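As structure tokens, the structure follows; a few thoughts come after it.
Read-outs: derived from the displayed coordinates by stated rules, not from any lab. This one's a predicted model, so the numbers in the text were calculated from it and none came from an experiment. Reconstructed Cβ throughout: ideal geometry from the backbone, glycine too, with neighbour counts over all protein chains shown.
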Amino acid sequence: MKTAMPPLRAASTQGSRITLDDGRVLIDGIASWWTACHGYNHPHIAQAVSQQLARMPHVMFGGLVHEPAQRLAQRLAALLPGDLERVFFSDSGSVSVEVAIKMATQYWLNCGVRDRVKLVAFRGGYHGDTLTTMSVCDPEEGMHSLFAGVLPQHHVVGLPHDDAAHEAFERFLARHAHEVAAILVEPLVQGAGGMLFHDAAVLRRLRRSADAHGVLLILDEVFTGFGRTGSLFACEQAGIVPDIVTLSKALTGGTMGLAATIARRHVFEAFWSDDPMHALMHGPTFMANPLACAAANASLDLFEWEDRLGQVAAIAAQLEDELEPCRALPGVRDVRVRGAIGVVQLEAPPALGALKCRLVERGVWIRPFRDIVYLTPAFTIAPDDLSRLTDAVRAVVPIS
Ligand code: PLP
């Protein structure tokens, strides 16, 4: 890909720092697309992975199960609210959403309902890069507008932010519920689609609508899961239990690819049958890879042992203090913070290549996209390092 800033060669990582081949050290403001929540190279995760590597790096998950996966599934079920207790492992966020969509669609087929094959998703959303997940991303703002016309057709509508918008959404759902398998939404923060925030009340209303029309509710917590918005899972802030939830990214503390699609008991029961055609039609080769499960179990240990949510609250307070002055700068449209997510939105997309170069010159690794300059640091970042990141944002953002 021809870019204004060719990729830099990373040589090693530690904590919140990336060392380049040429010896430069960058403070990481985005934790490798918000995965490395404990910072890079946490010794506890490294030890768990190296012990698992010696014991059993991989074994197929068809006809066989193993302790790291069973333990991880039990721990996730215990952490998630309600009866979200049936865990299907895959290897990336996109695939976890694919599986959720397939699960919701097959749920209805298994129940003998053939027409409920459409998803309702929201503008500003991002759910992945595979063909089906592309079809439920924002059609304009996503990375996929080129593919309009070749993607499966689902309903992508405005997220109902207030009561009036919700009434319109209700009318829409009443008209279409007979063909809708599920509503799919990123809870509290629509991430890669634009770092857009919404209130927990929006999710409560969606839960009510889904119940009223007998539609499943899928929450994509690939971005928000594991503390990023201030609670372990964003759905906790709304006090709702989705029918299906997807997790990935920080699941392994950012060390390797792993994802989970977790269903409530009533969804699972539609698949629990003597009829082989009722089994969930998915089975990726590397599902529940033991190394990745060991990393994820070690990551959950760290959430238990160390006060990650306290760190997120401290990061939120510091981001609010230190990014707020950006609001007065020329070319800034909005400044917003939720949990360990700080966003400066510009009036218009800047020259991104030049902006990225200026950030690297300042010794920080921040990756603006479109009109968004954002920080999603490791929860373990030192306050001084976070200040260096916010200093850099304040320095580069004035765009006239
Ligand atoms: N869902 C959400 C909410 C995401 O933020 C992302 C990635 O940014 C995905 C799904 C896709 O995950 P992956 O890139 O691991 O396929």
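All other residues whose Cβ lies under 15 angstrom from that of L79 are scored, Lys and Arg at +1 and Asp and Glu at -1, for a net of 0.
Fully extending the segment from H155 to H44, taken as 0.36 nm per residue of separation minus the present Cα-Cα distance, adds 35.6 nm. When the chain is treated as a Gaussian network with alpha carbon springs shorter than 10 Å, the biggest mean-square fluctuation among V87, V241, V360 belongs to V360. Only lysines eight or more places from K102 in sequence, or on another chain, were considered; those with a Cα closer than 19 Å are K118. For A328 and A77, a Förster radius of 41 Å and the Cβ-Cβ distance give a FRET efficiency of 0.30, rounded to the nearest 0.05. Distance between the pseudo-spin-label points of R204 and A279 (7 Å out from Cα toward the beta carbon): 4.3 nm. For the chain, which span is the longest to avoid every loop-located (per DSSP) member of trypsin sites (Lys or Arg not before Pro) having at most 12 other Cβ atoms inside 10 Å? My reading of the result: 115-400 is the longest stretch. Is the chain best put as rounded, prolate or oblate by its Cα gyration tensor, with a ≥ b ≥ c the root eigenvalues, rounded for a/c under 1.5, and otherwise prolate when a/b is larger than b/c, oblate when not? Verdict is oblate for the chain.
Over what distance in Å are the Cα centres of segment 182-251 and segment 64-101 separated? Going from one Cα centre to the other spans 16 Å. Among A36, A10, M103, flag the residue with its Cα farthest along the positive direction of the charge dipole of segment 1-138, charges on Cβ as +1 for Lys/Arg and -1 for Asp/Glu. Farthest towards the positive end: M103.
Only Cα pairs within less than 10 Å get springs; with that Gaussian network setup on the chain, which residue of L53, L76, L84 has the largest fluctuation? Looking only at L53, L76, L84, the largest GNM fluctuation is found for L53. Scalar couplings 3J(HN,Hα) for segment 380-390, obtained by applying the Karplus form with A = 6.51, B = -1.76, C = 1.60 to θ = phi - 60°, are 8, 4, 6, x, 5, 5, 5, 5, 5, 5, 5 Hz; x denotes Gly and Pro. Decide, for segment 1-91, between rounded, prolate and oblate: order the square roots of the alpha carbon gyration tensor eigenvalues as a ≥ b ≥ c, take rounded if a/c falls under 1.5, and otherwise choose prolate if a/b is larger than b/c, else oblate. Taking the square roots of the gyration eigenvalues as a ≥ b ≥ c, segment 1-91 is prolate. Dividing the mean sequence gap of close Cα pairs (under 8 Å, 6+ apart) by how many residues the chain holds gives a relative contact order of 23 percent.
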